[in-house]
Amino acid sequence: MNKKLKDITDNTINQLLNQDIIMPSQYYTTFDKNAKDKHMYIHDEEFEHEINDVIEKEFKKINEYMNDTIENIDNLENVTNNVENAIKNKDLKELMKANQHIKKLKENIVSLQNEIYTDELTKQYNRKYLNMKFLNKNDTFKKKGTMVLVDINNFSKIIKKYGQLIADNVIKFTVAFIQKRLDKEGISHTFIHYSGDKFIIFFKNPNKDELNSLFNNIRLELINKTIKSKSGHIINIIFSYAVLQYNKDDKFYPLLLTADDMIKEDRFKLKA
């Protein structure tokens with residue numbers, strides 16, 4: 001249920017991105033249509049019950065994050081006090097003990113960050129990480145760089161024909177394939193599962209033409225690969241992509257819309 005709601009929300013946001021102002025009624029109408037496409041009905045009592053259940057679980061998860069954060073802060077305060085006392089008393093044994101506590105605290109913080117910023121399906125970064133790492137509060141870029149938007153072609157048809165489980169495997173396979181090729185090239189990058197079958201890969205300073213060539217080669221290689229399901233279905237995967245450069249303080253969402261238009265052109269060329 002949670003995944004369906006996420007997909008509906010992602011589709012709704014993507015469809016409304018080109019609007020300067022989004023009225024609540026627009027969002028509601030678009031969300032309602034996307035929900036019905038997935039055979040979910042907002043006014044249905046069962047749907048309302050399931051939404052409340054999802055909200056309750058999300059609040060519980062947020063509460064757990066808050067409790068973990070508070071506990072880490074308390075532990076840090078205790079360790080700081082212990083270090084101060086150990087320094088005053090020139091107690092090497094206590095300093096070594098405090099150092100072990102600091103290492104453990106660091107591990108807890110890293111674990112918490114991974115829970116918050118990692119996408120459950122692909123194990124890559126999620127949209128929260130994009131907002132935290134790359135964007136200011138006004139949705140402008142913190143630094144200049146290059147991004148590649150990747151979109152799996154005919155993904156909705158894959159869901160309808162083979163079901164959500166196989167569609168999820170298509171996503172995981174595609175991500176793993178691209179990730180492996182980028183690692184092989186030794187190119188520093190940040191992989192974001194943005195929504196559904198959309199991914200954004202950020203690069204610091206690579207050449208735009210080189211990236212275009214690289215992703216075209218990756219696509220050609222992927223076309224020759226197939227996924228075979230347990231039921232014997234064989235699926236070929238192809239994606240479209242767009243490479244864009246951006247400067248510090250450029251707005252993210254207009255750039256994303258430009259990338260979407262480039263994806264459509266790329267998809268059209270593939271059909272020609």
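The values are calculated or read from the model by the stated rules, or taken from the named source; none is laboratory data. From a predicted model like this one, the values you see are computed outputs, not experimental measurements. Cβ: placed from backbone, ideal geometry, glycine included. Neighbour counts: every protein chain shown.
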Task: Which numbered condition P254 fails, given (1) under 30 Å from K137 (Cβ atoms); (2) free of Cβ contacts under 8 Å to residues at least 60 places away in the same chain; (3) touching a helix residue (DSSP H, G or I) at 6+ places or on another chain (Cβ under 9 Å) - done: (3)
Task: Lone qualifier among D151, D68, D91 - being at pLDDT 85 or above, in contact with a helix residue (DSSP H, G or I) (Cβ under 9 Å, 6 or more places away or on another chain) and acidic (D, E) - done: D151
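Quick check on my filter: what residues within region 119-155 are part of a loop (DSSP other than H, G, I, E, B) and in contact with a Leu (Cβ under 9 Å, 6 or more places away or on another chain)?
Of region 119-155, the ones part of a loop (DSSP other than H, G, I, E, B) are 119-124, 126, 134, 136-139, 142-144, 153-154.
Scanning region 119-155 gives K142, N153.
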- [ ] With the condition kept exactly as written, say whether any residue in region 233-248 is crowded, with 16+ Cβ neighbours inside 10 Å, in a loop (DSSP other than H, G, I, E, B), on the phi < 0 side of the Ramachandran plot and among the hydrophobic types (A, V, I, L, M, F, W, C).
- [x] yes
- [ ] Determine if region 203-217 includes at least one residue that is modelled with pLDDT under 90, surrounded by 12 or more Cβ atoms within 10 Å (Cβ to Cβ) and either part of a helix (DSSP H, G or I) or not assigned by TED's automatic domain parsing to the domain that holds K144 (or both).
- [x] yes
Open item on the list: Restricting to region 120-138, count the residues that are farther than 20 Å from L256 by Cα and not hydrophobic (A, V, I, L, M, F, W, C).
Closed with: 3
Task: Selection count where residues are free of Cβ contacts under 8 Å to residues at least 40 places away in the same chain and either assigned to a helix (DSSP H, G or I) or touching a Phe, Trp or Tyr at 6+ places or on another chain (Cβ under 7 Å) (or both), scope region 218-232 - done: 3
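Pick from I187, I166, I171: which is surrounded by 15 or more Cβ atoms within 10 Å (Cβ to Cβ) and touching a Ser or Thr at 6+ places or on another chain (Cβ under 6 Å)?
I166
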- [ ] Could you figure out which of (1) out of contact with any Phe, Trp or Tyr (no Cβ under 6 Å at 6 or more places or on another chain); (2) crowded, with 20+ Cβ neighbours inside 10 Å; (3) in contact (Cβ under 8 Å) with a residue 40 or more places away in the chain isn't true of R181?
- [x] (2)
Open item on the list: With the structure loaded, tell me whether S156 is among the polar types (S, T, N, Q) and in contact (Cβ under 8 Å) with a residue 12 or more places away in the chain or whether it fails that test.
Closed with: no
